[in-house]
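Trainee: My structure is below; once you've seen it, I'll send some questions.
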Amino acid sequence: MQQTNSTASKMSGRHWRLMFSDQVFKWFCLFSAIVLCVVLFSIVFFMGKTGVLTFEFVKVTEYFFSLNWNPGFDETATYGAGIFFIGTILLTLLTLIISVPISVGIAVFLAEIAPTRLKETVRPILDLLVGIPSVIYGFLGLTILVPFVAKVFGTQLGDGLLAAALVLSLMVLPTIGRISDDSIEAVPQKYREAAYAMGCTKLQTIFFVVLPAARRGIVSAIILGMTRALGETMAVVMVIGNVPQLAESLVQPTSVLTSNIVMQIMAVPFESTWNYALFFMGFSLLVVALLLIVFVRIINNRSEVQ
Amino acid sequence: MNDYINLHDVNLFYGTNQALKDVKLQAAKHEITAFIGPSGCGKSTLLRCLNRMNDLIPNVKITGEISVAGESLYGANTDVESLRKNIGMVFQAPNPFMMSIYDNIAFGPRRFGVKSKAILDEIVEKSLRAAVLWDEVKDQLKKSGLSLSGGQQQRLCIARALSVEPDVLLMDEATASLDPISTMKIEELVQQLKKDYTIVMVTHNMQQAARVSDKTCFFLNGEVIESAPTKTLFNNPEDKRTEDYITGRFG
Amino acid sequence: MQNLKDFKASKLAKIFNQFFMVSMWVLGIITVFFVLLLLFLILKDGLPYVTWDFVIGLPSEIDAGGGIGPMLLNSFYVTILSLLVSIPISLGAGIYLAEYAPDNKLTSTIRVCVEGLSSVPSIVFGLIGIALFVEYFQIGLTIIGASLSLAMLNLPLLTRVSEESIRAVPHSYREGSYALGATKLQTIFKVVIPVAMRGLITGLSLVAGRAFGESAVIILAGGVNASAEMWDFSLFSPGGTLAVHLWYVQSEAIVPDAKEIAHKSAAVLLFVVLAINLLFRIPLWWMERKMK
């Protein structure tokens, strides 16, 4: 009798320990998940708080619309960041114009045309591209692309929007290409069969049936590529020329938000308008990236409902 | 015209695996021919040879002779797209495109160059009427094809197949995923369609073959075991295996 | 009414189709060829000239012949430290999302946060690094600052791969374990994680490769310089890594052999990143072969 009792109490001791560690672990996991949220919120809050200090010294309209970026520590300093906003918008658009047709083309090739063996070779190669550091892309751009652009356009320097857009296009190719590829592959075979059975050519089937059915996935792929292009820093820094002027041509050195932050932040004290202005540039990028992600989420949720 | 569709010694291989063996068959114009047999017997594979859908699968090799209205399907100069236009197909699961009912029907004619709205309207109405769907959907042509019920979707797919005015309609277990009432509607529809089209159907359901078809072919392991007018095949099967199958001893 | 019965597929549609197929093939082949060419170019111009002295040597500001030793060491050091910090949190968050998370507001908030965090441009993590470590803690540009900023960058991707690989474990495994009376904790550690190991390690190699090559965060939070001596493991040494060094020698340095150093650094950087992507998988292949 005694013995049974002690076994039972041992059992229950063990049971308690197990239950306890189970609970502790669960709380640890929840805590970890919440850490991510806290990190995100602190980043948004802190970037916003620091960035907004800019507007104690600079008018909002001047900051966004003036092209006079002339920072400094005396009375004559001006903080018109328009150049960088325009630069980032132009660079992103140019990148998308170049990369979307190629990336979606590659996706169509992989999902619809290439034989299985080739698919299985090309997909890992594209995945590999995602893992290549951005300085390597920048380095390639600087050593190969920029001289090439200069030669083609007959200019002294090849730095500028075109070189940056070409480098970025290569960088977003795997992002847009592989996600589109997956969403095209996910279009049920029955839709293709229906089109073929009516006498459609492969081209007609792809354009009128497959791509429309995969459009949500392709749009989210493009947006994800866009966030990558927007926030990319070092590859752009290395080929864009880093002159705070509005680009009058595609091969003129200029600056964008990211490149300007990196080139200037090391030189400024933390508590200065200049620094705050740079932080607000970072904050703007952050807000746009978050909005784009929310947009992707809405698209994906809607396609799930369908 | 008893050999409107004519197959002679058709063999089909998936890689090294032979799926059809020396198939010989005839089907008459404006008749319904049914293929029956246990699953994996090659009946769907054969149906897909009739509009060359098997071309879409890699490593398929087909030998022998298949002709429709005297024209060889696998000739050197066969225009596959035109051929598929003339030999429509309805699939096992309803597969309307993710677009409106109207666009689903107008899809085929548009690909063949019909641009006029008036003509498209006419085709849409005619095809939907032929598929006995017009009265149910005429007020909601702009709604998504996927918003219809399963049976309606399948009739939409039939209407879509009819929109390009084929000569032959192939139906691959077209009622397999439908409820009994929708199935009955489709069976009635098929009976009406035979006035204008030659129909070949694959069915998993022997009663359906018996109810609907004029001629039935029994397949087993890639071979045609017996092929006869439906009444004969069901009442007086010649081959022991046919009898075993239709009396439910296997399959 | 036109009679569609006599319509044939148009010649034009067929010609377009042929043209399209050919151009897609050309596009596909050119892209693959181009990518392989780029990788080859980087490795070819650098790797054959890389010597041991270069790999562990000290950099030089003025004379030719400088090495990349402290930077390369920093790259590994910072990557490992950042992973040490981010792995437990990400794994915990991934396990929570895959195993515990009920379908409620909190869970969907967490998911939005993970996605949001993964969209944060890397330079923003760098700015936060400056604000936190340089300004608030006043420790300057250091290894610890670079590692912690990088850890934040790792979090979302690592969480996502953890969640996905854990979620991919079939439910039957868990049921088997519960049926034997195991607790959830035991089930997760003894059954789920071992089965998910393959996905976890693949995901980890992705994240490690990315962390190793990251530059924007490191420039801002770790600086462009590394320690002046080799094998310096102090957390408060300057945190410049090889990726940053590549940018630095290419754009700012005045040493006469900057070009060669850049080529060799690029080759070493790419080689290590590719190696991380491949090496992590070798134990997996080995494990799988053993299981067979």
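The values are calculated or read from the model by the stated rules, or taken from the named source; none is laboratory data. Computed from a predicted structure; not experimentally measured. Backbone-built Cβ (ideal geometry, glycine too); neighbour counts: all protein chains shown. Calculation scope for accessible area: heavy atoms of the full protein, side chains included, ligands and nucleic acids excluded. Shrake-Rupley method; radii C 1.70, N 1.55, O 1.52, S 1.80 Å.
Here is a yes/no grid of residues against (1) more than 30 Å from C:Val244 (Cβ to Cβ); (2) of a type in the set (A, V, I, L, M); (3) in contact with a Ser or Thr (Cβ under 9 Å, 6 or more places away or on another chain):
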residue: C:Leu12; (1), (2), (3): yes, yes, no
residue: C:Phe20; (1), (2), (3): yes, no, yes
residue: C:Trp25; (1), (2), (3): yes, no, no
residue: C:Leu47; (1), (2), (3): no, yes, no
residue: C:Trp52; (1), (2), (3): no, no, no
residue: C:Gly65; (1), (2), (3): no, no, no
residue: C:Leu84; (1), (2), (3): no, yes, yes
residue: C:Gly92; (1), (2), (3): yes, no, yes
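Trainee: Shifting gears a bit: As an exercise: evaluate C:Leu106 against (1) open to solvent by less than 60 Å² (accessible area, probe 1.4 Å); (2) at pLDDT 90 or above and give the number of the one condition it does not meet.
Mentor: (1)
Trainee: Among the listed residues A:Glu112, A:Glu62, which satisfies the condition of being acidic (Asp, Glu) and without any contact (Cβ under 8 Å) to a residue 40 or more places away in the chain?
Mentor: A:Glu62
Trainee: Something else: So how many residues does segment A:27-47 have that are at the interface with chain C (Cβ under 7 Å from one of its Cβ atoms) and within 12 Å of C:Ile128 (Cα to Cα)?
Mentor: Within segment A:27-47, residues that are at the interface with chain C (Cβ under 7 Å from one of its Cβ atoms) and within 12 Å of C:Ile128 (Cα to Cα) number 5.
Trainee: Given (1) among the basic types (Lys, Arg); (2) within 11 Å of chain A (Cβ to nearest Cβ); (3) surrounded by fewer than 21 Cβ atoms within 10 Å (Cβ to Cβ), where does B:Lys29 come up short, assuming only one miss?
Mentor: Every condition holds for B:Lys29 apart from (2).
Trainee: What's the number of the condition B:Leu133 fails, among (1) aliphatic (A, V, I, L, M); (2) open to solvent by 10 Å² or more (accessible area, probe 1.4 Å); (3) in contact with a Lys or Arg (Cβ under 8 Å, 6 or more places away or on another chain)?
Mentor: With (1) aliphatic (A, V, I, L, M); (2) open to solvent by 10 Å² or more (accessible area, probe 1.4 Å); (3) in contact with a Lys or Arg (Cβ under 8 Å, 6 or more places away or on another chain) applied to B:Leu133, the lone miss is (2).
A quick yes/no check of all residues on (1) within 18 Å of A:Val219 (Cβ to Cβ); (2) open to solvent by 30 Å² or more (accessible area, probe 1.4 Å); (3) touching a Gly at 6+ places or on another chain (Cβ under 8 Å):
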site: A:Leu157; (1), (2), (3): no, yes, yes
site: A:Leu168; (1), (2), (3): no, no, no
site: A:Val172; (1), (2), (3): yes, no, yes
site: A:Ser183; (1), (2), (3): yes, no, yes
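Trainee: May I ask you to verify whether A:Ala213 is free of Cβ contacts under 8 Å to residues at least 40 places away in the same chain, assigned by TED's automatic domain parsing to the domain that holds A:Leu291 and on the phi < 0 side of the Ramachandran plot?
Mentor: yes
Trainee: Could you grab me the full set of residues in segment C:111-145 that are out of contact with any Cys (no Cβ under 6 Å at 6 or more places or on another chain), in a helix (DSSP H, G or I), open to solvent by less than 20 Å² (accessible area, probe 1.4 Å) and within 16 Å of A:Val296 (Cα to Cα)?
Mentor: C:Val114, C:Gly116, C:Leu117, C:Ser119
Trainee: Further question: Any residue that is under 21 Å from A:Thr143 (Cβ atoms), within 8 Å of another protein chain (Cβ to nearest Cβ), under 14 Å from the mean Cα position of the chain (by Cα) and in a loop (DSSP other than H, G, I, E, B) - is there at least one of those in segment C:272-279?
Mentor: Checked segment C:272-279: no residue is under 21 Å from A:Thr143 (Cβ atoms), within 8 Å of another protein chain (Cβ to nearest Cβ), under 14 Å from the mean Cα position of the chain (by Cα) and in a loop (DSSP other than H, G, I, E, B).
Trainee: Considering only residues that are crowded, with 21+ Cβ neighbours inside 10 Å and modelled with pLDDT of 90 or more, which ones fall in segment A:115-132?
Mentor: Residue satisfying the conditions is A:Ile132 alone.
Trainee: Of all residues in segment B:95-111 being open to solvent by 20 Å² or more (accessible area, probe 1.4 Å) and not in a helix (DSSP H, G or I), which is farthest from the other protein chains (Cβ to nearest Cβ)?
Mentor: B:Met99
Trainee: Here's a follow-up. Quick one: which of C:Ala151, C:Ala93 is more than 7 Å from chain A (Cβ to nearest Cβ) and either among the basic types (Lys, Arg) or closer than 25 Å to C:Ile188 by Cα (or both)?
Mentor: C:Ala151
Trainee: OK, next. Could you say which residue among B:Leu169, B:Leu146, B:Leu189, B:Leu83 is under 30 Å from B:Met206 (Cα atoms) and touching a residue at least 60 places away in the same chain (Cβ under 8 Å)?
Mentor: Being under 30 Å from B:Met206 (Cα atoms) and touching a residue at least 60 places away in the same chain (Cβ under 8 Å) holds for just one of B:Leu169, B:Leu146, B:Leu189, B:Leu83, which is B:Leu169.
Trainee: Between B:Ile186, B:Ile199, B:Ile181, which is among the aliphatic types (A, V, I, L, M), outside any loop (DSSP other than H, G, I, E, B), crowded, with 20+ Cβ neighbours inside 10 Å and out of contact with any strand residue (DSSP E or B) (no Cβ under 6 Å at 6 or more places or on another chain)?
Mentor: The match here is B:Ile186.
Trainee: For A:Thr273, are the conditions met, namely being under 14 Å from the mean Cα position of the chain (by Cα) and over 21 Å from A:Val146 (Cβ atoms)?
Mentor: no
Trainee: Another one. Does A:Gly158 satisfy being in a helix (DSSP H, G or I) and either more than 16 Å from the chain's Cα centre (by Cα) or not assigned by TED's automatic domain parsing to the domain that holds A:Ser284 (or both)?
Mentor: So A:Gly158 does not fit the description; no.
Trainee: Does segment C:263-270 include one or more residues that are under 30 Å from C:His171 (Cβ atoms), out of contact with any Pro (no Cβ under 7 Å at 6 or more places or on another chain), open to solvent by 10 Å² or more (accessible area, probe 1.4 Å) and away from chain A (no Cβ under 11 Å)?
Mentor: Within segment C:263-270, not a single residue is under 30 Å from C:His171 (Cβ atoms), out of contact with any Pro (no Cβ under 7 Å at 6 or more places or on another chain), open to solvent by 10 Å² or more (accessible area, probe 1.4 Å) and away from chain A (no Cβ under 11 Å).
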